[in-house]
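The values are calculated or read from the model by the stated rules, or taken from the named source; none is laboratory data. For clarity, every value in this text was computed on a predicted model and none was experimentally measured. Here Cβ is always computed from backbone atoms with ideal geometry, including for glycine, and neighbour counts include all displayed protein chains. Side chains are part of the model used for accessible areas, which takes the heavy atoms of the whole protein and leaves out ligands, DNA and RNA. Shrake-Rupley method; radii C 1.70, N 1.55, O 1.52, S 1.80 Å.
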Amino acid sequence: MASKQYCQRFRRLKQIYCNVYGQTISDLTWYRLTAQLRQFLNFDVASPSAEMVIKTIASMKRSHRNFRVNSEDFAECWALFQHYYQQNSWLTCAEFLAELATKLNLSQVSRTSRYNWFVNAGIPYKAAKKYQTSELALVAFQAAKCIKSREVKAINNATLIINSLVTK
């Protein structure tokens, strides 16, 4: 049985999520979300970073309605987000994209998509303007999610083509 402090923290985190997300959610949705966070992120309600994780997830869910914690590539995207979020440095947008290119294959991504990552993260793209890496972490997450979804689409298309060739 959970302690009184644990239950209070659990309810407080739900309230924080609802405030950031901008809508109330049912208890069932909240239980499912925390279960997914435990499964994919080793989330702990009692952790000091729990509030930051909940705020981040809620803001991503607010800006991207189809955002799912339980996607297959979520852990990789989250690891990249954490990499930049935990750094305490400043980078220009151009430097950030150059560094990101060492971690992700940006060769097949258009300029428009790159600009959209910044817009979706709430940061205007200006090549020479410096941002703190913790602010750019959401851009890195957007980039990883975009590239992973493109890879999945390419695999699905290849599978459909192979299946159609086999059935002929």
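In a fully extended conformation the segment linking SER3 and ALA127 would gain 39.6 nm over its present Cα-Cα distance, using 0.36 nm per residue.
A simple count of charges around ALA94, restricted to other residues whose Cβ falls under 13 Å of its Cβ and scoring Lys, Arg +1 and Asp, Glu -1, yields +3. In this structure ARG9 has an accessible area near 60 Å², from a 1.4 Å probe over the protein heavy atoms. Out of the total accessible area of region 8-89 (probe 1.4 Å, heavy atoms of protein only), what percent is carbon and sulfur? Exposed carbon and sulfur together represent 46 percent of the surface. Here the label points at HIS83 and LEU104, each 7 Å from Cα along the C-beta direction, are separated by 1.1 nm in the simple model. At 7 Å along the Cα-to-beta-carbon direction for both ASP44 and THR24, put a label point, then send me their distance in nm to one decimal. If labels sit at ASP44 and THR24, their model points lie 3.2 nm apart. Beyond 32 Å in Cα-Cα separation lie the following of the pairs LYS4/LYS148; LYS4/LYS103; LYS103/LYS126; LYS14/LYS148: LYS4/LYS148; LYS4/LYS103.
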